[in-house]
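Encoded as structure tokens, the structure appears first; notes follow it.
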Amino acid sequence: MAVDAKAVTGTSSSLRPRREREQELLVWPDLVFIEFIAAVVFTLAFVILSTVIDAPLLNEANLDITPNPSKAAWYLVSLQELLLHMHPALGGVIAPTFALIILAVIPYADRSNDGQGIWFGTPNAVKITLFSAAFASIFTVGMILYDQGRHVNVVTNIVQHADKDWQWPGYLAPFQNVRAIQTGWTWSVPVPEAAQLGPGEHDGALHWPEDFDHIPMPFNGTSGPDWMRWGPPDFLPGWLQALYWYDLNLNLPAFIVENFIPVVVMVGLPALLIVTMRKMGWVHTVRDGSIAIFTGMMVVYFILTIIGAGFRGAGQDLVLPWDVPHID
Amino acid sequence: MSVSEQPRGPKLTAWLYQKLFHNYVWRSIFRSGYPNTPRNQMLAIATNVFLHLHPTRLHKTHVKITHTYCLGGLTFFFFLSLTVTGVMLMFYYVPSPERAFSDVAALETNIRFGMLMRNLHRWMAHGMVISVFLHMMRVFYTGSYKPPREFNWLVGVILLTLTLALSFTGYLLPWDQLSIWAVTVGMNMAGTVPLMGQQTQFILLGGFEVGDDALIRFYTLHVIGLPLLAAIFMAVHFWRIRRDGGLARPL
């Protein structure tokens, strides 16, 4: 149906049939009075609210006393929550910027003016919204619980009933949390004696993570044999020096943990959501897809806000709401 | 003009009506007659600078509450109320680290209705952030961003960012532990902007940490810079609603 209507009306059409006079109301009084009543109701409601609940005022600002936890304003705690799981630039700046850009370009991607002005205008819109909301909630909560790593304590406690000395095996470290890929995971690949990959002692193998945390990037002037080294680019103006990665080395384990995996998750899960619903035959148009993405973004924002505001205690530890310390 | 239009009734009311609403001064303010005929009702909207953002007539589905839940208008209402309460708070508030906190504390104890004004300002600010989000969700789920309203959605996203920025800059002003640390957390995020994080942070704070320079910057942005910007984008937003054919409804 949707496709037919689009073909008829075209994508840029803003024309609409002249409406009938009997379908019309006068703005005065029909709309103006509704607006007036809404304004009165909300003024009264907020005056009552403001006499009952006082705005918080803690002790005077003091940069020498850091409250634990210190939290952002509630509409930003979702970003603060992201910071716990990925690189600060990615969680605090890049991801929200992309989210805003995606939001802004929705109408430029979804160009059909089909089904406008109706709540959930496509046949599967409600199903898509509910499914996307459930998908986003389950994965967000699941990943936060995984990254918190409480399951490690639970499993260890249970297994230690049988075997007192049992510890979570090192090769399963990635199943503890994301950070353990960098800190708790150890493996090595044998390297033949002839290949000398770095300046250090050759011990016949590359070990994760310590042999991977200082990989020189291209045009790095500070590593490799002598002919590949050069001095700092003093001749460049300051801002170009800041842009040129003269001594940049890649910390691969940290990069994977802080950037690569979060990006894969943030791009991959929405893609998986769309593909799944296409396979289920629910998503037909760009509108359907954008409903899924928009719903997912809103639900993730909502859940991160709830968890960041209500479930993060001292040291940003995951605790129950009544265990969040009271700050004054 | 509409001098001849008079309500039916006893002679006294007709006389009173004539004297009250048809005198020279009244008619110099309100050009149209009493809005009891369709013509005067339309003139009441069209000749009033505040009301003329509205069309004079609209489709009957648009006054159904469930169509919009008044969310956009509610956001505007919050903006206006925040302006009023904000101006009142400005009478008593000096944006300096020496005075800011004690001014807010004095506002709560020494000034009649000071606490009420501050509470109203804070809760309505939260209300505005929430209603902006809900308004965006309403527009999205009713597909009202579709052509020809693409650009107005874009303006809306800008207004969402401005609302958050307004709320964020206001957060610092009470100068208590809650505000300074919330802003420190937020500014540390700004400090991670790739390539120019330090510079961004320095420009916003006027220094390396949240201090007196940051307070005056946040204050200026909060009371004049961002409200002006928001007002400009709101003007565009409202104008475009009219230009793009009013509220979206099925074709």
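Taking a Cβ cut-off of under 12 Å around B:G86, the surrounding Lys, Arg, Asp and Glu residues balance to a net charge of +2, with basic ones at +1 and acidic ones at -1. Of B:V210, B:V94, B:V193, the residue with the greatest mean-square motion in the GNM of chain B, using alpha carbon springs below 10 Å, is B:V193.
Of the residues A:F98, A:L82, A:V154, the one whose Cα sits farthest toward the positive end of the charge dipole of chain A, with +1 on the Cβ of Lys and Arg and -1 on the Cβ of Asp and Glu, is A:F98.
In a simple Cβ point-charge model (Lys, Arg +1; Asp, Glu -1; nothing else charged), the range A:105-199 has a dipole of about 220 debye relative to its Cα centre.
Distance between the modelled labels on A:T66 and A:V126, one decimal in nanometres: 5.0 nm (7 Å Cα→Cβ projection). Distances over 40 Å make up what percent of all Cα-Cα pairs in the protein assembly as shown? Of all Cα-Cα distances in the protein assembly as shown, 43 percent exceed 40 Å. When the alpha carbon gyration tensor of the range A:151-239 is reduced to an equivalent ellipsoid, its three semi-axes come out at 41, 19, 7 angstrom, largest first.
The angle between the Cα long axis of helix B:177-190 and the main principal axis of chain B comes to about 80°, on a 0 to 90 degree scale.
Mean projected area of the convex hull spanned by the Cα atoms of the range B:143-223, taken over all viewing directions: 6.8 nm².
Neighbouring Cβ atoms from other chains, within 10 Å of the Cβ of residues in B:89-102, number 1 on average.
Which of these, B:S32, B:S81, B:S167, has the largest mean-square fluctuation under a Gaussian network model of chain B (Cα springs below 10 Å)? Of B:S32, B:S81, B:S167, the most mobile in the Gaussian network model is B:S32.
Rounded to the nearest 20 debye, the dipole magnitude of the range A:145-237 is 420 debye, with +1 charges on Lys and Arg beta carbons, -1 on Asp and Glu beta carbons, and the Cα centre as origin.
Contact residues in the range A:52-75 by the 50 Å² criterion (accessible area, 1.4 Å probe, full protein complex versus chain alone): A:A55, A:P56, A:L57, A:L58, A:E60, A:A61, A:L63, A:W74, A:Y75. Which whole-number percent is the relative contact order of the range B:11-53 (Cα, under 8 Å, 6+ apart)? That works out to 20 percent. Centre-to-centre, using Cα atoms only, the range B:109-130 and the range A:119-165 are separated by 39 Å. Shielding of peptide A:105-113 by partners, expressed as the average count of other chain Cβ atoms within 10 Å per residue Cβ, is 6.
To the nearest 100 Å², how much accessible surface do chains B and A hide from each other in total, with a 1.4 Å probe? Interface area, both chains combined: 7800 Å², rounded to the nearest 100. Counting only protein chain heavy atoms and rolling a 1.4 Å probe, the accessible areas of A:Y171, B:Y92 rank, largest first, as A:Y171, B:Y92. Shape of the range B:40-141 from the C-alpha gyration tensor: prolate (a/c of 1.5 or more and a/b above b/c, with a ≥ b ≥ c the square roots of its eigenvalues). Across the range A:106-118, computed HN-Hα scalar couplings (Karplus, 6.51 cos²θ - 1.76 cosθ + 1.60, θ = phi - 60°) run 3, x, 7, 8, 9, 9, 6, 9, 6, x, 7, x, 10 Hz from first to last residue, x flagging Gly and Pro. Gain on full extension, evaluated as 0.36 nm per residue between A:Q196 and A:W230 minus their Cα-Cα distance, stands at 10.1 nm. Rounded, prolate or oblate: which fits chain B, taking a ≥ b ≥ c as square roots of the Cα gyration tensor eigenvalues, rounded meaning a/c under 1.5, else prolate when a/b beats b/c? Here chain B falls in the oblate category.
Computed from label points 7 Å out along Cα-Cβ, the spacing between A:Y244 and A:V155 is 4.9 nm.
Each Lys and Arg Cβ is given +1 and each Asp and Glu Cβ -1; about its Cα centre, chain A then shows a dipole of about 1440 debye. The spacing between the range A:247-310 and the range A:172-243, judged by their C-alpha centroids, is 30 Å. Near the amide H of B:D176, within less than 5 Å, lie the amide hydrogens of A:A61, all on another chain or at least 5 residues away, with H placed in the peptide plane. Taking a ≥ b ≥ c as the square roots of the eigenvalues of the alpha-carbon gyration tensor, chain A is classed prolate because a/c is 1.5 or more and a/b outweighs b/c.
Cα-based radius of gyration for the range A:69-217, normalised by 2.2 N^0.38 Å, reads 1.58.
Values of log10 I(q)/I(0) for the range B:189-251 across q = 0.11, 0.14, 0.20, 0.21 Å⁻¹ run -0.47, -0.62, -0.81, -0.85, by the Debye formula with one identical scatterer at each alpha carbon and no solvent. Accessible surface computed residue by residue for the protein assembly as shown, with neighbouring protein chains in place and a 1.4 Å probe, gives 55 Å² per residue. Dimensions of the range A:251-328 along the principal axes, based on C-alpha atoms and rounded to the nearest Å, stand at 52, 35, 17, largest first. Within the accessible surface of chain B, defined with a 1.4 Å probe on protein heavy atoms only, the carbon and sulfur portion equals 70 percent.
Going by accessible surface with a 1.4 Å probe and the largest first, B:W175, A:W227 read A:W227, B:W175. Only protein atoms count toward the accessible area here, which uses a 1.4 Å probe; on the range A:232-328, the carbon and sulfur part of that area reaches 73 percent. Put the Cα centre of the range B:208-251 next to the Cα centre of the range A:45-68 and the gap is 25 Å.
Which whole-number percent is the relative contact order of chain A (Cα, under 8 Å, 6+ apart)? Computed over chain A, the figure is 25 percent. If you plug the beta carbon distance of B:T47 and B:F233 into 1/(1 + (r/R0)^6) with R0 = 41 Å, you get a FRET efficiency near 0.95. The relative contact order of the range B:69-243, computed from alpha carbon pairs under 8 Å that lie at least 6 residues apart in sequence, is 24 percent. Cross-link pairs exceeding 26 Å between alpha carbons, from the set A:K127/A:K279; B:K11/B:K60; A:K127/B:K60; B:K60/B:K146: B:K11/B:K60; A:K127/B:K60.
The values are calculated or read from the model by the stated rules, or taken from the named source; none is laboratory data. The shown structure was predicted, so the numbers you read here are calculated from the model rather than taken from an experiment. Cβ coordinates were reconstructed from backbone atoms using ideal geometry, including for glycine residues, and neighbour counts include every protein chain displayed. Side chains are part of the model used for accessible areas, which takes the heavy atoms of the whole protein and leaves out ligands, DNA and RNA. Shrake-Rupley method; radii C 1.70, N 1.55, O 1.52, S 1.80 Å.
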